[in-house]
Amino acid sequence: MKRKATLVLLNYNEIEGIKALYRKLPLNKFNEVFAIDPGSTDGSLEFLKSKGIKVIMQSIRGRGEAFRIGVKEAKNENIVFFGTDGNENPDDILKLVDFLEQGYDLVIASRFMEGARADDSDIPVPIRGIGNKAFTLVANIIWGGNLTDSINGFRAIKKSKFNQISPDAQGFGIEYQMSIRAIKSKFNIKEIPTYEGDRIGGESTAHTFSTGWLFLKLILKELRVGNNFQRR
């Protein structure tokens, strides 16, 4: 029986990743699956289409815009976002949906809970992981949250709740802003431990220091706007 939920695949030049992951994706468990792509040139766009997966072309690049398109196009209330680069664990996709169906508003796959793993956990000084934990701590202290991973993009959210908080961040700031505004709005948030795999081919477009600067600007913005972002 298919779940009344939407699986959104976020793809951009991830041909190695999507080929390796395709058979592991629970596509037949969802009544809606589509990919968002800003114009891949490595064959991944054609691969997705060859498998019968609907592809929505993204005219404005950036992860933030991809999330907004995904929510706008989804016909279901429950939405899961999954990146095709190999970092995210397909085994956790249905777990995220389960908790939305149980009444949670936002479910995040955490790389820092007990039993979880981040892709830089094995290096002596995991700068990215340290930064992610620091920004999560800042959000928790300022807005009263208790998250362990406010930044991971592997997550699920109810469409109505996404629209309520109206995230307008660009690029990789979208997930952090979603988490902050969800805390502000006192959403029912659930985290599950996830095993983040290593990237499969392709090149990451997330650069540690520029992304950190983006997060700092987001914190200042969210302090300024308070709760004046919600749609009723």
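Here are the numbers for this structure:
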{"read-out": "Stretchable slack from LYS186 to LEU137, in nm (0.36 nm times residue separation minus alpha-carbon distance)", "value": "15.9 nm"}
{"read-out": "Around SER110: net Lys/Arg minus Asp/Glu count, Cβ-Cβ under 14 Å", "value": "-2"}
{"read-out": "Dipole in debye (nearest 20) - region 1-148, about Cα centre, beta carbon charges: Lys, Arg +1; Asp, Glu -1", "value": "400"}
{"read-out": "FRET efficiency estimate (nearest 0.05) - Cβ-Cβ, SER59 to ARG199, R0 25 angstrom", "value": "0.45"}
{"read-out": "Shape of the chain, Cα gyration tensor, a/c cut at 1.5", "value": "rounded"}
{"read-out": "Relative contact order [Cα under 8 Å, 6+ residues apart], the chain, whole percent", "value": "24"}
{"read-out": "For ILE56, distant residues with modelled amide H under 5 Å away", "value": "ALA35, ILE36, ASP37"}
{"read-out": "Coil-residue trypsin sites (Lys or Arg not before Pro) of region 27-68, DSSP, other Cβ within 10 Å capped at 16", "value": "LYS51, ARG61"}
{"read-out": "Computed [θ] at 222 nm, helices only, for the chain once each DSSP H run of length n ≥ 4 contributes -39500 (n - 2.57)", "value": "-11500 deg cm²/dmol"}
{"read-out": "Packing-based exposure ordering (other Cβ within 10 Å, fewest first) of VAL97, VAL71, VAL55", "value": "VAL55, VAL71, VAL97"}
{"read-out": "Rounded to whole Hz, the Karplus (6.51, -1.76, 1.60) HN-Hα couplings of region 100-109, x for glycine and proline", "value": "4, 5, 7, x, 6, 8, 9, 10, 10, 7"}
{"read-out": "Cβ-defined net charge surrounding ALA169, 13 Å radius [Lys, Arg +1; Asp, Glu -1]", "value": "+1"}
{"read-out": "Difference of contour (0.36 nm per residue) and Cα-Cα distance, ASN227 to GLN170", "value": "18.6 nm"}
{"read-out": "Whole-Hz ³J(HN,Hα) from phi, Karplus 6.51 cos²θ - 1.76 cosθ + 1.60, for region 216-221, glycine and proline x", "value": "4, 5, 5, 4, 4, 5"}
{"read-out": "Spin-label pair LEU94/LYS4, simplified geometry with 7 Å Cα→Cβ offset, distance in nm", "value": "1.9"}
{"read-out": "Given LYS54/LYS190; LYS24/LYS95; LYS4/LYS133, the pairs whose alpha carbons are separated by over 26 Å", "value": "LYS54/LYS190; LYS4/LYS133"}
{"read-out": "Residue-count net charge about GLN58 - beta-carbon cut-off 12 Å; Lys, Arg +1, Asp, Glu -1", "value": "+1"}
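A short reminder: the numbers here are calculations on the coordinates, not readings from a lab. Given the structure is predicted, the values throughout are model-derived calculations rather than measurements. Note that each Cβ is placed from the backbone with ideal geometry, even for glycine, and that neighbours are counted across all protein chains shown.
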